[in-house]
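The block underneath contains the structure these notes are about, expressed in structure tokens.
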Amino acid sequence: MIRYSSEVKSALAANGPIVALESTIIAHGLPRPKNLEVALEVQNVVRNHGATPATIAIIDGAINVGLEDSELEKLANSNNVSKASIRDIPFHLTGGSSAATTVAATSHIAQLANIQIFATGGLGGVHRGAERTWDESADIQSLSSIPVIVVCAGAKSILDIPATLERLETYSVPIVGYQTSKFPGFYLADSGYSLEHKLDKPEEIARLWKEQISAGITEKGLVVANPVVNQMDPRLHAKLLEDGLTSATSKNISGKDVTPFLLEYFHKNSNGESLRVNIEIIKANAQLAAQIAVNLAR
Ligand code: PSU
Ligand code: MN
């Protein structure tokens, strides 16, 4: 049922370290033509740190774990690649269509493929105004039910961060700050909310994961929160966020379009700054995920 790239197939056979990468970032989170360039670079970051990259997506009705460059190009440049969460997967399989996978769908497929860790940009979570809209990302639910490590720069700052943290607590999803006691806020290194647990080395995180599994916590993910090093200017961030949220409301953006709309708003109005930060985040998370994967494989 799954199509593997040749390098992922060999890595699986050798029990080598593999890092899954999500594809919604490529198709819906970054503007063209930078998206393809970044997708290729991120795979190289994983390789350069001793692991095999497995970019996950649905191509022409097949689940792909690891993409050839031509498939990545199609994903990055085609207008009919939708955004797939877990519930969308069977529709694409029956319809023969292509889709980029979110954190939730990527975790699900990674688990099917026996891959324990993946890297993304920022987690989805509880949206601002969720008390009216009920808009909470399926990323939260997937973390509560799929045993995969998710390396991210915290939750996207467009979200209601304290509510997101509360939901992760309710669902008993472990969160560890990488070299930080502050929960990162994607474009910002510190969302303003603290974390209880901090670890400083990839090998410590690998050990934590092994302990989590041996403690029988086999249905939960693990959030590794890796703060961006060169964050966005907080004043610029506050202004873009306010204007972007107003624009989303006035255009009646809802459902799965909210996150791509807000990310695009940032990219269009920050003079390249949101793009710079987003790329830095994805690369740093891919690097850390590879380092953890290498330790897990030992
Ligand atoms: N991180 C990024 N860019 C993105 C995303 C994460 O830097 O586009 C995507 C992930 O795929 C995540 C999704 O799962 O945003 C969340 O969407 P929603 O809020 O609709 O669940
Ligand atoms: Mn949503």
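The values are calculated or read from the model by the stated rules, or taken from the named source; none is laboratory data. All of these numbers come straight from a predicted model, not from anything done at the bench. When we count neighbours, we look across all protein chains shown, and the Cβ atoms used for this are built from the backbone with ideal geometry, even at glycine. All accessible areas refer to the heavy atoms of the entire protein, side chains included, with ligands and DNA or RNA removed. Shrake-Rupley method; radii C 1.70, N 1.55, O 1.52, S 1.80 Å.
Per residue, the range 80-141 exposes an accessible area of 43 Å² to a 1.4 Å probe, with every protein chain left in place. Ignoring any ligand, DNA or RNA, what whole percent of the accessible area of the chain comes from carbon and sulfur when the probe is 1.4 angstrom? About 50 percent, which is the carbon plus sulfur part of the accessible surface.
Could you please report the charge total around Y171, scoring K, R as +1 and D, E as -1 over all other residues with beta-carbon less than 15 angstrom from its beta-carbon? List each step's numbers first, then the result.
Numbers: positive: R167, K220; negative: E136, D139, E166, E169, E219.
Counting the neighbours of Y171, the net charge comes to -3.
Of the residues P234, P53, P184, the one that moves most in a GNM of the chain with alpha-carbon contacts below 10 Å is P234.
Can you give the accessible area per residue of the range 10-79, in Å², using a 1.4 Å probe?
Working: 2620 Å² over 70 residues.
Here the residues of the range 10-79 average 37 Å² of exposed surface.
If I build a Gaussian network model for the chain, linking alpha-carbon pairs within less than 10 angstrom, which residue out of S78, S274, S142 has the largest mean-square fluctuation? The residue that fluctuates most here is S78. Once a ≥ b ≥ c are taken as the square roots of the eigenvalues of the Cα gyration tensor of the range 109-213, is the result rounded (a/c under 1.5), prolate (a/b larger than b/c) or oblate (a/b not larger than b/c)? Oblate is the answer for the range 109-213, as a/c is 1.5 or above yet b/c matches or exceeds a/b.
The residues of the range 171-298 expose on average 50 square angstrom of accessible surface per residue, using a 1.4 Å probe on protein heavy atoms. Working note: Karplus 6.51/-1.76/1.60 with θ = phi - 60° gives the range 110-119 the couplings 4, 4, 4, 8, 6, 9, 9, 9, 8, 10 Hz, where Gly and Pro are set to x.
Beyond a 29 Å Cα-Cα separation, which of these cross-linked pairs lie in this structure: K34/K239; K156/K201; K74/K182; K34/K156; K9/K74?
Cα-Cα > 29 Å for K74/K182; rest within.
Using a cutoff of 8 angstrom between alpha carbon atoms and counting only pairs six or more residues apart, the relative contact order for the chain works out to 21 percent.
For the range 1-124, the relative contact order is 33 percent, taking Cα pairs closer than 8 Å that sit 6 or more residues apart in sequence and dividing their mean separation by the residue count.
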